[in-house]
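Asks: Below is the structure I would like to discuss, written out as structure tokens.
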Amino acid sequence: MRREVASVVVSCIFSSEDCPWKGEVRHFEAHTVGCDFQKVKCVHPECGKFVKRISLSYHVESECKFRLVACELCQSQVVFRKLQMHVSREHQAVYEEIGSCNDHSHGQPSNAPITERDGDDNMESSLINF
Ligand SMILES: [Zn+2]
Ligand SMILES: [Zn+2]
Ligand SMILES: [Zn+2]
């Protein structure tokens, strides 16, 4: 009986990432290409984080700071990282106080300047304005 070299059992190169796979060398390449424990880049280019393929969907849906979430006040899709800013700017409310806002008018331009400053010689006098 003759034992082939190809039947040597190896473990996955991502075993350090908790992959439990062990198999014959001839299956090795096919496994590592599609291994769930291989790290892949997040689908959001701004994030750029590498996560295991097995946890990518979790990352994208509940962890990524660049995932889209629905604003509770206007139901629009907002990047999670900017949600707090969106709520305070669009709804004039702080995030913790959601629910106390009853003036939810929409249609306001979102890029309206918050501060109106002329920028000339107003800076000195604004200190003693009142
Ligand atoms: Zn593996
Ligand atoms: Zn991400
Ligand atoms: Zn909103």
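Asks: Does Gly99 qualify as being surrounded by 11 or more Cβ atoms within 10 Å (Cβ to Cβ) and either modelled with pLDDT of 95 or more or in a loop (DSSP other than H, G, I, E, B) (or both)?
Replies: Criteria not met by Gly99.
Asks: Which of the numbered conditions does Cys64 fail, given that it passes all the others? Conditions: (1) in contact with a Phe, Trp or Tyr (Cβ under 9 Å, 6 or more places away or on another chain); (2) at pLDDT below 95; (3) not aliphatic (A, V, I, L, M).
Replies: (2)
Asks: Hey, among the residues in region 55-68 that are aliphatic (A, V, I, L, M) and in a helix (DSSP H, G or I), which one's surrounded by the most Cβ atoms within 10 Å (Cβ to Cβ)?
Replies: Leu56
Asks: Can I ask one more? Consider region 71-93. How many of its residues are modelled with pLDDT under 90 and of a type outside the set (S, T, N, Q)?
Replies: Result for region 71-93: 1.
Asks: Under 7 Å between Cβ atoms, at least 6 apart or on separate chains: pull out the pairs that start in region 76-90 with a residue that is farther than 18 Å from Val43 by Cβ and end on any residue that is of a type in the set (Gly, Ala, Ser).
Replies: Between residues of region 76-90 that are farther than 18 Å from Val43 by Cβ and residues that are of a type in the set (Gly, Ala, Ser), the close pairs are Val87/Ala93; Glu90/Ser110.
Asks: Could you please let me know if Phe37 is aromatic (Phe, Trp, Tyr), over 30 Å from Ala93 (Cβ atoms) and more than 16 Å from ligand 3 (Cβ to nearest atom)?
Replies: It is true that Phe37 is aromatic (Phe, Trp, Tyr), over 30 Å from Ala93 (Cβ atoms) and more than 16 Å from ligand 3 (Cβ to nearest atom).
Asks: Return the pair list, or none, for Cβ contacts closer than 6 Å from residues in region 35-49 that are of a type in the set (Phe, Trp, Tyr) to residues that are within 7 Å of ligand 1 (Cβ to nearest atom), at least 6 apart or on different chains.
Replies: Partner pairs satisfying both residue conditions: Phe37/Phe14; Phe37/Cys19.
Asks: Still on this structure: Which of the residues that make up region 14-54 are surrounded by 15 or more Cβ atoms within 10 Å (Cβ to Cβ), within 11 Å of ligand 1 (Cβ to nearest atom) and in a loop (DSSP other than H, G, I, E, B)?
Replies: Listed by number, the residues that qualify are Phe14, Cys19, Trp21, Cys35, Asp36, Phe37, Gln38.
The values are calculated or read from the model by the stated rules, or taken from the named source; none is laboratory data. All values reported here derive from a predicted model rather than from experimental measurement. Glycine gets a Cβ as well: all are built from the backbone with ideal geometry, and neighbour counts include every protein chain shown.
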